[in-house]
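Heads up, the thing below is written out as structure tokens.
Where a number appears in this text, it was derived from the coordinates with a stated rule and is not lab data. Since this is a predicted model, take the numbers as computed values, not measurements. Because the Cβ atoms are built from the backbone with ideal geometry, glycine has one as well, and the counts that use them run over all protein chains shown.
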Amino acid sequence: MPELPEVETVRNTLKRKVLNKTITRVDILYDKIIKTDLATFKNNLVNQTIIDIERKGKYLLFKLNDYYLISHLRMEGKYSLKKATDAIEKHTHVIFHFADDTELRYLDVRKFGTMHLKPIEKVYMGEPLEKLGLEPFDEGFTVAYLKSKFTGNRPIKNVLLDQEIIAGLGNIYVNEILFLAKLHPEKPVNQLTEQNLMDIIEASKVTLEKAIKLGGTTIRSYTSDDNVTGRFQNELLVHGKVNEPCPVCQTPIIKIKVSGRGTYLCPHCQKL
């Protein structure tokens, strides 16, 4: 699944390609992706120009004249800019036609992606953005914030994956962050020290900044656009490295399940 760095890579790619383009028509080939009334979605997008593309957590926010188009790629969603005369590829589910005879097409093999259309002034009211937590890059992402959220005895991995607490993290980056912070994924959050919280903040920023710089992580079929792949998979320290030596102590990396999620760690560096 695209996580914060991959969605940021998509955002940057799309900004180079579709800013200032005006939508003339929308074709919906698979309507379950659209979470707004279909007729409203199609009609309200006509004559809207893409002014900017923003991101919140794993969501892409296309800023238009009067609305925000909020898109979540889920497992394998991706966008591709094509000429109107280009053949429609398999797994194309939504087509945004532009006035310059180009089209932004949304493709999704798994069909799990979602799109909402909301008036600009209501973008953070209700689903899907209202309950999102802070991102690691937000000014308010501090030890005090984490203390207020890290309550109870839930495993730290589960809490880091909770989008209502920290927006944008997924399985890959949580595995990497916990390794850098030297924390066992099953450690209860109510046992974390202030230093542990500081380490989580630092590890989150370092990991995400590097991943964004390298265009994200390409795992299986995920690409950012037109088969552009990221390079951070070459920098992964523990994720997918089962039985390989820990880059710090050479102990073989192990894989366990934490609430059903495949979890990679060094049993020596990340003691419970």
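To make sure I understand, if each residue's beta carbon is the centre and we count other beta carbons within 10 Å, what order do Ile172, Ile50 fall in, fewest to most?
Values: Ile172 25, Ile50 22.
Ranked by crowding around the Cβ, least crowded first: Ile50, Ile172.
At most 11 other Cβ atoms within 10 Å and a DSSP loop assignment: could you name the trypsin sites (Lys or Arg not before Pro) in segment 1-110 that fit? Working shown, then result.
On the way: sites: Arg11, Lys15, Arg16, Lys17, Lys21, Arg25, Lys32, Lys35, Lys42, Arg55, Lys56, Lys58, Lys63, Arg74, Lys78, Lys82, Lys83, Lys90, Arg105, Arg110; in loops: Lys21, Lys35, Lys58, Arg74, Lys90, Arg110.
The qualifying sites are Lys90.
May I ask you to list the GluC sites (Glu not before Pro) in segment 107-180 that are in a DSSP loop and have at most 13 other Cβ atoms within 10 Å of their Cβ? Show your work: numbers first, answer last.
Numbers: sites: Glu121, Glu130, Glu139, Glu164, Glu176; in loops: Glu130, Glu139, Glu164.
Passing sites in segment 107-180 are Glu130, Glu139, Glu164.
For the Cα atoms of the chain, what angle does the longest principal axis make with the long axis of helix 171-180, in degrees from 0 to 90, nearest 10?
For helix 171-180, the angle is close to 40 degrees.
Limiting things to C-alpha atoms, what are the Rg and the maximum Cα-Cα separation (Dmax) for segment 143-265, in angstroms?
According to the Cα coordinates of segment 143-265, Rg and Dmax are 14.6, 45 Å.
Among Thr114, Asn47, Tyr124, which residue has its Cα positioned farthest towards the positive end of the charge dipole of segment 16-138, with +1 placed on the Cβ of Lys and Arg, -1 on the Cβ of Asp and Glu, and the dipole taken about the Cα centre?
Ranked along the dipole, the leading option is Thr114.
So what is the relative contact order of the chain, in percent, for Cα pairs below 8 Å that sit 6 or more residues apart? Before the final figure, lay out the partial values.
Values: 535 pairs, mean separation 49.5, N = 272.
Here the relative contact order equals 18 percent.
Under the classification rounded if a/c is under 1.5, otherwise prolate if a/b is larger than b/c and oblate if not, where does segment 4-122 fall, given a ≥ b ≥ c as square roots of the Cα gyration tensor eigenvalues? Let's see the in-between values first.
Details: a/c = 1.12, a/b = 1.01, b/c = 1.12.
The shape class here is rounded.
Can you flag which of Lys35/Lys131; Lys149/Lys257; Lys78/Lys205; Lys35/Lys58; Lys118/Lys205 are past 19 Å Cα-Cα?
Details: Lys35/Lys131 17 Å; Lys149/Lys257 23 Å; Lys78/Lys205 25 Å; Lys35/Lys58 17 Å; Lys118/Lys205 30 Å.
As for pairs spanning more than 19 Å Cα to Cα, those are Lys149/Lys257; Lys78/Lys205; Lys118/Lys205.
Considering the chain as a Gaussian network with a 10 Å cut-off on Cα pairs, which listed residue, Gln163, Gln195, Gln233, attains the greatest mean-square fluctuation?
Gln195
Using only Cα atoms, tell me the angle between helix 194-213 and the longest principal axis of the chain; keep it within 0 to 90° and round to the nearest 10.
The angle comes out at about 40 degrees.
What residues of segment 32-75 lie in the reach of a label at Lys111, counting those whose backbone N is under 16 Å from a point 7 Å from the Cα along Cα→Cβ?
The answer is 32-35, 74-75.
Kindly provide the GluC sites (Glu not before Pro) of segment 1-92 that DSSP labels as loop, not H, G, I, E or B, and whose Cβ sees at most 13 other Cβ atoms within 10 Å. Display every interim value, and only then the final one.
Working: sites: Glu3, Glu6, Glu8, Glu54, Glu76, Glu89; in loops: Glu3, Glu76, Glu89.
Counting only loop positions with at most 13 other Cβ atoms within 10 Å, the GluC sites (Glu not before Pro) in segment 1-92 are Glu89.
Below 8 Å between Cα atoms, with a sequence gap of 6+, how large is the relative contact order for segment 79-238 in percent? Present the calculation step by step, with values, prior to reporting the outcome.
Values: 189 pairs, mean separation 27.6, N = 160.
For segment 79-238, the relative contact order is 17 percent.
Which length gain, in nm to one decimal place, applies between Thr193 and Arg16 when the Cα-Cα distance is subtracted from 0.36 nm times their residue separation?
Numbers: separation 177, 0.36 × 177 = 63.72 nm, distance 4.32 nm.
Full extension from Thr193 to Arg16 adds 59.4 nm.
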